[in-house]
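Asks: Take this structure, written in structure tokens, and hold onto it; I'll ask about it next.
The values are calculated or read from the model by the stated rules, or taken from the named source; none is laboratory data. In this text, all values refer to a predicted model and were calculated from it rather than measured experimentally. Cβ coordinates were reconstructed from backbone atoms using ideal geometry, including for glycine residues, and neighbour counts include every protein chain displayed. Note: accessible area is taken over every heavy atom of the protein model, side chains too, but ligands, DNA and RNA are not part of it. Shrake-Rupley method; radii C 1.70, N 1.55, O 1.52, S 1.80 Å.
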Amino acid sequence: MQIAIVKYNAGNIYSVVHGLKRIGVEAEVTDDIERLRQADGVLFPGQGEAATTMSYLKAHGLDQVIKGLRQPVLGICVGMQLMCAHSEEGDVDCLGIFDVPVRRFVQTAHEQKIPHMGWDQLTDIKSPLFKGLAEGCYVYFIHSYYVERNPYSIAQNDYIQPYCAAMARDNFYATQFHPEKSGRVGEQILSNFLDIVRQNQ
């Protein structure tokens, strides 16, 4: 099984590499278009600023490649946000895989800190991506922008307001949280994604 991680100007890529190693998978980090197309599964992680990152993806032709992938794809954090239609971060059009916008959290009380950072719960979970996990399981978040609940939602979290913590559409999956930083729960999610990849082969 060949697993590729999209190489681009975003942080956090190598934490995903190490997260996969912990469950026994060696992934290739690449921006080679053919390698990405030939992989059995692709991960699209990221930390960074949406507008700058979209400019990089477009300049290297990766925007069209990612949208055109037919194998299972997992977007993580900024990777999930870039899969959406538009982001308020830099007022930029994104990949449009999920036809929903990305909005900035607006603080409504003094104790609410932005970014939302740390361990928090997943609720309303539904998808093979969460097989074997219990409602209310904890995962690790760090983000200042969010996606509203929508028809693609497969998990939600409640911080300042209820919002979408994970989405799925066709062969595309995405999590706002970081599975590679989420301990055993995160390892289970990564393992479940790999099971989806195997079933697709």
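Asks: Suppose the filter is under 28 Å from TYR146 (Cβ atoms) and of a type in the set (Asp, Glu); does GLU49 pass it?
Replies: yes
Asks: Just to be sure I understand, how many residues within region 124-160 are more than 17 Å from the chain's Cα centre (by Cα) and open to solvent by less than 50 Å² (accessible area, probe 1.4 Å)?
Replies: Of the residues in that region, 5 qualify.
Asks: Within region 150-159, is there a residue that is touching a Lys or Arg at 6+ places or on another chain (Cβ under 7 Å), within 15 Å of LEU122 (Cα to Cα) and among the β-branched types (Val, Ile, Thr)?
Replies: Among the residues of region 150-159, at least one is touching a Lys or Arg at 6+ places or on another chain (Cβ under 7 Å), within 15 Å of LEU122 (Cα to Cα) and among the β-branched types (Val, Ile, Thr), which makes the answer yes.
Asks: Hey, another quick one. In region 96-117, which residues are within 24 Å of PHE172 (Cα to Cα) and without any contact (Cβ under 8 Å) to a residue 40 or more places away in the chain?
Replies: If the condition is that a residue be within 24 Å of PHE172 (Cα to Cα) and without any contact (Cβ under 8 Å) to a residue 40 or more places away in the chain, then GLY96, ASP99 are the ones that fit.
Asks: Taking TYR163 as the residue in question, decide whether it is of a type in the set (Phe, Trp, Tyr) and open to solvent by less than 10 Å² (accessible area, probe 1.4 Å).
Replies: yes
Asks: Residues in region 13-24 that are in contact (Cβ under 8 Å) with a residue 60 or more places away in the chain and either among the basic types (Lys, Arg) or open to solvent by less than 20 Å² (accessible area, probe 1.4 Å) (or both): how many?
Replies: Qualifying residue count, region 13-24: 4.
Asks: If ASP120 satisfies all but one of (1) among the acidic types (Asp, Glu); (2) outside any strand (DSSP E or B); (3) farther than 28 Å from ARG70 by Cβ, what's the number of the condition it fails?
Replies: Single failed check for ASP120: (2).
Asks: Also, quick follow-up: Inspect all residues belonging to region 108-117 and state whether any of them is within 25 Å of GLY48 (Cα to Cα), part of a loop (DSSP other than H, G, I, E, B) and touching a helix residue (DSSP H, G or I) at 6+ places or on another chain (Cβ under 6 Å).
Replies: Looking for residues that are within 25 Å of GLY48 (Cα to Cα), part of a loop (DSSP other than H, G, I, E, B) and touching a helix residue (DSSP H, G or I) at 6+ places or on another chain (Cβ under 6 Å), one finds none in region 108-117, hence no.
Asks: Of the residues in region 178-195, how many are part of a helix (DSSP H, G or I), open to solvent by less than 30 Å² (accessible area, probe 1.4 Å) and of a type in the set (Gly, Ala, Ser)?
Replies: Number satisfying all stated conditions: 1.
Asks: Residues to consider are ALA59, ALA39, ALA50; find the one that is on the phi < 0 side of the Ramachandran plot and either among the aromatic types (Phe, Trp, Tyr) or free of Cβ contacts under 8 Å to residues at least 24 places away in the same chain (or both).
Replies: Just one listed residue meets the conditions, ALA59.
Asks: From the list ALA39, ALA59, which residue is open to solvent by less than 40 Å² (accessible area, probe 1.4 Å) and more than 17 Å from the chain's Cα centre (by Cα)?
Replies: Of ALA39, ALA59, the one residue that is open to solvent by less than 40 Å² (accessible area, probe 1.4 Å) and more than 17 Å from the chain's Cα centre (by Cα) is ALA39.
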